[in-house]
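The values are calculated or read from the model by the stated rules, or taken from the named source; none is laboratory data. Fair warning: this is a prediction, and the values are worked out from it, not measured in the lab. All Cβ positions, even for glycine, are placed from backbone atoms using ideal geometry, and neighbour counts span all protein chains on display.
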Amino acid sequence: MDISERFLGRPWDALALFSGGLDSILAIKVLQEQGLKVLGLHYVSPFFGKPHLLDHWRRTYGIEALPVDVRRPYLDMLAAPDHGYGKHMNPCVDCKILMLRHARGLLERFGAKFLVSGEVLGQRPMSQRADTLNLIRKGAGVVDLLLRPLSAQKLGPTPMEESGLVDRALLPGIWGRGRRGQLDLAAHFGITDIPTPAGGCRLAEAEPAARYLPIITGLADPRPEDFHLSGLARQYWAGPYWLSIGRNERANDALEAACQPGDLRFRLKDVTGPLALGRQYAPRTPSADFSPQQWPDAVLADAASFAASYSPRARAEAEAGRTVTVLLLRGDSVTELAITPARQTPLGWAEPKPSALNAWKKRKP
Ligand code: SF4
């Protein structure tokens with residue numbers, strides 16, 4: 001059964017964007033307090049979403065929520081968001097527009113009359129200024145449908161308040177960057193399990209955002225699996241060639257599990273060491289000089305040497321004058337490569353740096 005069917009046929013008054021953060025919890029609680037039935041929509045992308053916590057949220061806060069997968073449209077938007085990025089790679093304005101537009105399309109299905117979001121006026125520099133809140137409402141086509149209950153007293157009345165469906169007098173007027181208003185409201189509802197302020201969006205964090213940049217800019221058609229891979233192991237790029245190297249056994253297992261058709265695996269023969277995974281992909285900008293979709297022999301040998309340098313045993317073998325062999329696994333085929341472990345190789349593998357993200361954003365028109 002489609003999970004959403006569990007929530008159909010019930011008398012929902014509203015659908016709410018529900019991240020599981022405190023603001024989204026409170027936005028629903030203040031409406032529940034008025035006797036309104038609100039269904040949370042928990043959006044899931046490669047960068048945010050914790051659908052495994054849905055039961056926890058129901059038990060802890062009395063909030064029912066439905067997971068909503070927006071991976072594909074999110075990736076399509078992320079490469080070129082109309083309203084640009086925030087501090088890192090977070091396209092907050094376009095992200096909100098995408099989710100609200102999607103939620104608007106679900107209203108009829110759930111028999112709900114309006115939408116709710118936990119945005120607080122003035123809380124975030126990019127996406128929660130008054131002008132941006134308006135831009136988001138208009139961009140998503142929800143001008144007369146969206147209620148932001150936490151800041152209601154600071155915003156103009158909505159049709160839902162004017163019609164008496166929602167009692168405006170009972171709504172708060174929280175604004176600004178502090179959390180005092182939210183914490184007081186949480187105490188009012190007896191909420192003691194307060195989620196941490198960090199929203200859990202990896203696009204808004206420096207390190208993950210830096211790792212996403214070469215994927216977004218380099219791959220013709222980035223998939224959720226590509227972003228997932230970037231979080232599993234050490235990440236190295238040499239021009240368009242992408243190599244992930246396990247830090248420990250757990251990461252090696254995760255890499256093995258993340259292996260896709262077309263991927264290359266480098267594993268040391270006879271000595272212990274990390275698993276390395278080379279992802280072959282169609283590039284966004286094809287070039288006669290590079291073939292990331294099919295690594296040339298020189299690149300394979302270079303990657304094998306570099307990956308082997310993360311094995312102390314392999315380095316010791318080489319220092320003792322013995323041959324080090326790397327097994328190159330491509331699907332069912334296995335090739336042996338005799339290499340010398342080397343941290344510095346002709347290709348010059350390097351980790352993605354947050355500074356590259358800033359430079360890229362400056363160059364963008
Ligand atoms: S922080 Fe992430 S999830 Fe939140 S609005 Fe921005 S892009 Fe969207």
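For the reader, a short list of remarks on this structure follows.
- Single residue of the stretch 82-133 satisfying the filter (within 18 Å of residue 209 (Cα to Cα) and of a type in the set (A, V, I, L, M, F, W, C)) that is modelled with the lowest pLDDT: 126
- Listed by first and then second residue, the pairs linking a residue in the stretch 142-166 that is free of Cβ contacts under 8 Å to residues at least 24 places away in the same chain to a residue that is acidic (Asp, Glu) and outside any loop (DSSP other than H, G, I, E, B), with Cβ atoms under 8 Å apart and 6 or more places separating them unless they lie on different chains, are 152/161.
- Residue within the stretch 22-43 that is farther than 25 Å from residue 152 by Cα and of a type in the set (A, V, I, L, M, F, W, C) present: no
- Some residue of the stretch 161-180 being within 27 Å of the chain's Cα centre (by Cα) and of a type in the set (Gly, Ala, Ser): yes
- Of all residues in the stretch 305-334, those satisfying the criterion of being acidic (Asp, Glu) and exposed (fewer than 15 other Cβ atoms within 10 Å of the Cβ) are 319, 332.
- Filtered residues of the stretch 38-60 (kept if surrounded by fewer than 20 Cβ atoms within 10 Å (Cβ to Cβ) and either under 16 Å from residue 103 (Cα atoms) or touching a Pro at 6+ places or on another chain (Cβ under 6 Å) (or both)): 44, 51
- Which numbered condition residue 4 misses (of (1) among the hydroxyl-bearing types (Ser, Thr, Tyr); (2) in a helix (DSSP H, G or I); (3) within 16 Å of the ligand (Cβ to nearest atom)): (3)
- Enumeration of residues in the stretch 136-183 that are surrounded by fewer than 18 Cβ atoms within 10 Å (Cβ to Cβ) and among the β-branched types (Val, Ile, Thr): 143
- Test for residue 177: is it within 16 Å of the ligand (Cβ to nearest atom) and touching a residue at least 40 places away in the same chain (Cβ under 8 Å): yes
- For the stretch 202-297, the helices (runs of 4 or more DSSP H) that sit wholly inside it and include 2 or more residues that are buried (at least 16 other Cβ atoms within 10 Å of the Cβ) and of a type in the set (Gly, Ala, Ser) are 206-218, 249-258.
- Boolean, residue 212 is within 16 Å of the ligand (Cβ to nearest atom) and in contact with a Phe, Trp or Tyr (Cβ under 9 Å, 6 or more places away or on another chain): yes
- The stretch 136-154, residues that are in a helix (DSSP H, G or I) and within 14 Å of the ligand (Cβ to nearest atom): 136, 139
- Verdict on residue 224 being within 16 Å of the ligand (Cβ to nearest atom) and over 27 Å from residue 61 (Cα atoms): yes
- Looking only at residues of the stretch 7-31 that are assigned to a loop (DSSP other than H, G, I, E, B) and surrounded by 22 or more Cβ atoms within 10 Å (Cβ to Cβ), we find that the one that is nearest to the chain's Cα centre (by Cα) is 19.
- Residue 133 being farther than 21 Å from residue 36 by Cβ, more than 12 Å from the ligand (Cβ to nearest atom), buried (at least 17 other Cβ atoms within 10 Å of the Cβ) and not acidic (Asp, Glu): yes
A quick yes/no check of all residues on (1) within 30 Å of residue 83 (Cβ to Cβ); (2) not aliphatic (A, V, I, L, M):
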site: 281; (1), (2): yes, yes
site: 287; (1), (2): no, yes
site: 307; (1), (2): no, no
site: 311; (1), (2): no, yes
site: 337; (1), (2): no, no
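- With respect to (1) surrounded by fewer than 21 Cβ atoms within 10 Å (Cβ to Cβ); (2) assigned to a helix (DSSP H, G or I); (3) within 16 Å of the ligand (Cβ to nearest atom), the lone exception for residue 197 is condition (2).
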